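A.B. asks: A single structure is presented below for examination.
The values are calculated or read from the model by the stated rules, or taken from the named source; none is laboratory data. Remember, predicted model here, so these are calculated numbers, not experimental data. Glycine gets a Cβ as well: all are built from the backbone with ideal geometry, and neighbour counts include every protein chain shown. For the accessible areas, the whole protein counts, side chains as well, though only heavy atoms, and no ligand, DNA or RNA atoms are used. Shrake-Rupley method; radii C 1.70, N 1.55, O 1.52, S 1.80 Å.
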Amino acid sequence: MKKVAVKLGIDSEDLASCVACGLCLPHCPTYRVTQEESASPRGRIALMRQAETTGLIDQEFVEFMDACVQCRGCETACPAGVPFGSMMETTREALAEQTRYQPLWRRWGYRILGCPKILTLGSKVLAVLQKLNLLPSKLALPKIPLLQGRLVPSGRDVWLFTGCVMDAWMRDTHRAVQRVIEAAGAGVRFPDKQAACCGALHVHAGLGHEARRLAERTMEAFPGQAPILVDSAGCGAQLKEYGRLLDSAAAHEFSQRVLDVHEWLVNHLDALPPAHADAPRIAIQDPCHLRHVQQSHDPVRVVLARYVEPVILDDEGLCCGAGGAYSMLHADTAAAVRERKIGSIERAQVQEVVSANPGCLLHLRAGGVTVRHPLEIVDDLMRKDT
Amino acid sequence: MVPVSPDKPLLDELRSIIGDRARAGDFELGLYGKDGSVLEGRPSIVCLPVSTEEVQQIVGACRRHERPFIARGSGTGLAGGAVPVGDPVVIATAKMNKIIEVDLDNRVAWVEPGVLNLDLTTQLKPLGFHFAPDPSSQQVCSIGGNVATNSGGPHCLAYGVTSSHVAAIEVVLPDGTVTLLGDLTPEPAGYDLRGLFIGSEGTMGIATKIAVRLTQNPPEVRTLLLDFSDVRDGAAAVSAIIAEGLIPAALEMMDHRAIEVVEAFVNAGYPTEADAVLLVELDGLAGGVASGVEIVRRVADAHRVGNVRVAADDAERALLWKGRKNAFGAVARIKPDYYLHDTVVPRGKLVEVLEKVYRIADEYDLIAINVFHAGDGNLHPILAYDAREPGVLERVHAAGKAIITASIEAGGVLSGEHGIGLEKRDYMGMLFSEHDMTTQDLVREAFDPDGFANPLKVLPSGSRCSDSFGQHVPEGAWV
Ligand SMILES: Cc1cc2nc3c(=O)[nH]c(=O)nc-3n(C[C@H](O)[C@H](O)[C@H](O)COP(=O)(O)OP(=O)(O)OC[C@H]3O[C@@H](n4cnc5c(N)ncnc54)[C@H](O)[C@@H]3O)c2cc1C
Ligand code: SF4
Ligand code: SF4
């Protein structure tokens, strides 16, 4: 296979820190469905080492790197503390900059995420096509709303981050979240279009330059000191990493203000209406970017426990296969990973499932799972009681 | 010598058997060159079969092309057993991962070799059973690998190692025939070839199906964490507990440095000031467990124990074990590389040998960390180092040899559970006479007269006929 010269530029201490014990393998979704070393964290790190020592890569290498979901389940599992996520991001950025890893059409696709007008327009077109049954069903797109109405601010206590695809396709979820925050006693304000996209997908794709541009822009959209609440685990994880991404005092300060909405709610639970008598059994699917990256999946359980009987899945937080754009770019692997998750959900024998990340919601729904955002359920149940 | 590049005819033949599951990509081959040890080699081709028939045909093709082959499970072995030397074809069993049948009448489960140890136990849980051998690598090591290395684990103190938990094994022999070793009867007739195969580290063929015995989950379990301000007190308490006639389900020890790295990973409240801790587990009927706990407390008090923590529930128990089971990997928090020994010494000599280990490490300017199966005297002295430091490997080897010598002088043996593989092969002469080793060679030759199966492993000369595959650990095999 043809080799080309590349310098990944991964910190050599980080590369050396993997002792190849393999303890991360069962926690890696792509290893779980392939049982192949090249699709495992240990294998991917060894590949990075090979590339760094020889200074050469080939198409095989690129494919192996591209097949990682970037769920970072391996980081949580790794006793040696190997910072896999940042190593993979460095690798992807080097590939994007030094090779033709991200072709032009993909770059444009990512670009649109940061342009709310085009995104809304595109979504409307999709919605119309969908209504007319003109979209191939294998695209497995969720039901896209044609008209969404504006989000109406109710005060200045907290910000609610709205995002790109989530705002275009799932604004009703934001509304439910807003109602819960208001019930907890805070007024909610929304950023302007500046904060259209957090840049998480761009980082994952290796488009670091674009990600940094979006980060700068997003930060400007949240003046003041009010906490910035996020109802999408993927976006929250990214906003919390601005400090590391931009490495400026302002970015670090900004990241300090970011909270997953459940993290904020646990301290305001008493203000919420009391629980209903019979609590439904609800399974919690921990989004990877909440559990493995933000390491903050507990608050979801605490908040939910006030209204439902939360059921913990038995797969120790294994990824569902969504991974941002992954479920579209690697549909087969993503579906195979989802099968494992569905198995775990079936064993839990619950009425419904929740997931605090739009990507997981869409991906699981496309697999036939009844799943909502945790706060959509809380919103329902608390209103039932009042 | 066999040619170094993968020869195309063999690859073509393998592709005709398993299609694109025969791999020869440059980058991918590099991923099957290592296990959990520090050794590294390189396969010529990697095969990922899914059935016994495929394994059989792959072995057949290797024979026709006079190419050795080597079985690989999850690649967590710590003795270099799965490290390819002599340009072999790697036959990785990871895709053979089905639990074929759970037979509660006979209390066995038939599994494929690539089933992960903990996956089996997790699946058995609703039925009230488990697979007793629980190496610390349990979550990832394969049952085939457990059989091939006769693995132990913390709970093997009371329950016995893998060999006690395997009833029968389907094997593809090095000549390509398939046979069943052992059966489900309690006392099979004839030589115990099943027992011989267990621990043979892939040198007698490839296990393709295994009937493992199922152990009932105990009704009551208690886990205690005892801390000591002097590692010698801890070690003496180990012998004293066993001397009381008590066999705990598990009896593990960690020294100060091990506690520190483990706590940094799990946050389980391990006492980071202690010089050593003992993790003791008792299981069985409630009454027996309660009196066992009293005995452990009494003995520990007599050995100046600090705090005695009893895990309150399953979650706390699991967290404490998570710490213990991740200890080796966590060592990387001190230094990026480690070299791990696996000697066994008589329990009464634990204190003496431990002190020697620390002294040896000091002498060679290395860091020694001890975390081990204290109950059966199975030491795991870890020498932590940074391979990028010039000259450090020579010191690591010299220190390793000194530790082995000290253990053997104390009446111990070379390996408790990790096997001999490539790494400890050249130390066999310290334990066995020339005559002993020739006899072992003859046994191996009965299975593999031409030396095709995992050549150059376990015995110093390799199988006597396999010289053509190259005699020594290749230059540069150390990373
Ligand atoms: C963190 C860590 C902790 C560990 N703790 C323990 C412990 O507590 N106790 C313990 O005993 N070991 C322990 N080990 C060592 C290792 O996990 C065991 O030896 C395990 O059984 C190896 O299984 P594997 O599937 O990884 O085998 P591999 O490493 O892939 O192979 C090991 C050997 O078995 C052979 N083999 C593999 N599959 C087959 C097959 N189907 N047929 C024939 N031969 C085969 C290989 O050729 C090789 O010689 C630990 C390792 C690590 C990394
Ligand atoms: S990434 Fe961590 S857990 Fe995985 S093999 Fe490396 S050291 Fe072990
Ligand atoms: S990030 Fe996820 S998919 Fe990628 S190697 Fe780690 S566990 Fe596997």
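A.B. asks: Label-point separation (nm) for A:HIS276 and A:ARG383, each offset 7 Å from Cα along Cα-to-Cβ?
C.D. replies: Rounded to a tenth, the inter-label distance reads 1.2 nm.
A.B. asks: Suppose each label sits 7 Å from its Cα in the direction of the beta carbon; what would the B:ALA189-B:ALA302 distance come out to in nanometres?
C.D. replies: Between B:ALA189 and B:ALA302, the label points sit 5.1 nm apart.
A.B. asks: Return the single residue from A:ARG156, A:ARG179, A:ARG340 with maximal mean-square fluctuation; model: Gaussian network over chain A, springs between Cα atoms under 10 Å.
C.D. replies: Maximum among the listed residues: A:ARG156.
A.B. asks: Work through the residues other than B:ILE100 whose Cβ is under 11 Å from its Cβ and net out their charges, Lys, Arg +1 and Asp, Glu -1.
C.D. replies: Overall, the nearby charge balance is -2.
A.B. asks: Can you tell me the Rg and Dmax of segment A:135-289, counting just the alpha carbons, in angstroms?
C.D. replies: Cα-based Rg and Dmax for segment A:135-289 come out at 16.6, 52 Å.
A.B. asks: Over the C-alpha atoms of segment A:148-220, what are the Rg and the largest Cα-to-Cα span, Dmax, in Å?
C.D. replies: Radius of gyration, then largest Cα-Cα span, for segment A:148-220: 13.6, 40 Å.
A.B. asks: About the Cα centre of the protein assembly as shown, how large is the charge dipole given +1 on each Lys and Arg Cβ and -1 on each Asp and Glu Cβ? Please answer in debye to the nearest 20.
C.D. replies: Charge dipole, the protein assembly as shown, about its Cα centre: 3240 debye, nearest 20.
A.B. asks: Hey, got the Cα dimensions of segment B:99-216 along the principal axes, in Å, largest first?
C.D. replies: Ordered largest first, segment B:99-216 gives principal extents of 39, 29, 26 Å.
A.B. asks: Rounded to the nearest 10 Å², what accessible area does B:LYS335 show when all protein chains are kept and the probe is 1.4 Å?
C.D. replies: Estimated to the nearest 10 Å², B:LYS335 gives 60 Å².
A.B. asks: Amide H to amide H, which residues 5 or more places from B:ALA250 or on other chains are under 5 Å from it, using H placed in the peptide plane?
C.D. replies: HN-HN under 5 Å from B:ALA250: B:GLU281.
A.B. asks: Measure out, as a whole number of angstrom, how far apart the alpha-carbon centroids of segment A:1-78 and segment A:257-304 sit.
C.D. replies: Taking the Cα centre of each part, segment A:1-78 and segment A:257-304 sit 33 Å apart.
A.B. asks: Which number comes out as Rg/Rh for segment B:245-304 once both Rg and the Kirkwood Rh are worked out on C-alpha atoms?
C.D. replies: 1.04
A.B. asks: Under 5 Å between amide H atoms, partner at least 5 residues away or on a different chain: which partners does B:VAL108 have, H built in plane at 1.01 Å?
C.D. replies: Amide H neighbours of B:VAL108, under 5 Å, 5+ apart: B:ASP103, B:LEU214.
A.B. asks: Could you tell me the relative contact order of segment B:8-92? Use alpha-carbon pairs under 8 Å, at least six residues apart, and round to a whole percent.
C.D. replies: Over segment B:8-92, the number comes to 37 percent.
A.B. asks: Figure the gain on full extension for A:GLU63 and A:GLN351 (residue separation times 0.36 nm, minus the Cα-Cα span) and round it to one decimal in nm.
C.D. replies: 99.8 nm
A.B. asks: Based on Cα coordinates alone, diagonalise the gyration tensor for segment A:273-385, multiply each eigenvalue by 5, take square roots, and list the semi-axes in whole Å, largest first.
C.D. replies: That gives 25, 14, 13 Å for the three semi-axes.
A.B. asks: Quick check on chain B: what does the Kirkwood estimate of hydrodynamic radius come out to from the alpha carbon pairs, in Å?
C.D. replies: Kirkwood radius, chain B: 23.1 Å.
A.B. asks: If you don't mind, there's one more thing I want to ask. Evaluate 2.2 N^0.38 Å with N set to the residue count of segment A:1-92, then give the Cα radius of gyration divided by it.
C.D. replies: 1.00
A.B. asks: So what are the ³J(HN,Hα) numbers for segment B:60-77, from phi and the Karplus equation (6.51, -1.76, 1.60; θ = phi - 60°), rounded to whole Hz, Gly and Pro as x?
C.D. replies: For segment B:60-77, the Karplus curve yields x, 5, 4, 4, 4, 9, 6, 10, x, 9, 9, 7, 9, x, 9, x, 10, x Hz.
A.B. asks: For chain B, calculate the relative contact order in percent as a whole number, restricting contacts to Cα pairs under 8 Å that are 6 or more residues apart.
C.D. replies: Reported relative contact order: 16 percent.
A.B. asks: Rule-of-thumb check for segment B:168-226: C-alpha Rg over 2.2 N^0.38 Å?
C.D. replies: Its radius of gyration relative to the 2.2 N^0.38 Å reference: 1.57.
A.B. asks: Same structure, new question: As an exercise, take the mean of 1/r over every pair of distinct alpha carbons in segment B:239-397, invert it, and state the Kirkwood radius in angstroms.
C.D. replies: 16.7 Å is the Kirkwood radius here.
A.B. asks: Moving on. Determine ³J(HN,Hα), in whole Hz, for all residues of segment B:119-126 in sequence, where each value follows from phi through the Karplus function 6.51 cos²θ - 1.76 cosθ + 1.60 and θ = phi - 60°; x replaces Gly and Pro.
C.D. replies: Per-residue couplings from phi come out as 4, 5, 4, 5, 5, 7, 3, x Hz.
A.B. asks: Send over the semi-axes of chain A's equivalent ellipsoid, whole angstrom and largest first, taken as the square roots of 5 times the C-alpha gyration tensor eigenvalues.
C.D. replies: Over the Cα atoms of chain A, the ellipsoid semi-axes are 33, 24, 22 Å.
A.B. asks: In what sequence, largest accessible area first, do B:GLU394, B:GLU112 appear using a 1.4 Å probe?
C.D. replies: B:GLU394, B:GLU112
A.B. asks: Sticking with this structure for a sec: With every protein chain present, what is the per residue accessible area of chain B (1.4 Å probe, Å²)?
C.D. replies: Solvent-accessible surface per residue comes out at 37 Å².
A.B. asks: What is the projected area of the convex hull of the Cα atoms of segment B:334-409, averaged over all directions, in nm²?
C.D. replies: 4.5
A.B. asks: Ignoring ligands, DNA and RNA, please state the percent of accessible area on the protein assembly as shown from carbon and sulfur, probe 1.4 Å.
C.D. replies: After summing per-atom areas, the C and S share lands at 53 percent.
A.B. asks: Chains A and B: how much accessible area gets covered up at their contact, both sides added, probe 1.4 Å, in Å² to the nearest hundred?
C.D. replies: 2700
A.B. asks: While we're on this one: How long are the semi-axes of the equivalent ellipsoid of the protein assembly as shown, defined as square roots of 5 times the Cα gyration tensor eigenvalues? Whole Å, largest first.
C.D. replies: Taking √(5λ) for each Cα gyration eigenvalue gives 48, 33, 26 Å.
A.B. asks: Between A:LEU135 and B:GLU273, how many nm apart are label points set 7 Å from Cα along the C-beta direction?
C.D. replies: So the two model labels end up 6.2 nm from each other.
A.B. asks: Residues of segment B:187-231 with backbone nitrogen within less than 17 Å of a virtual label 7 Å along the Cα-to-Cβ line of B:ALA312, please, listed as ranges.
C.D. replies: B:222-225
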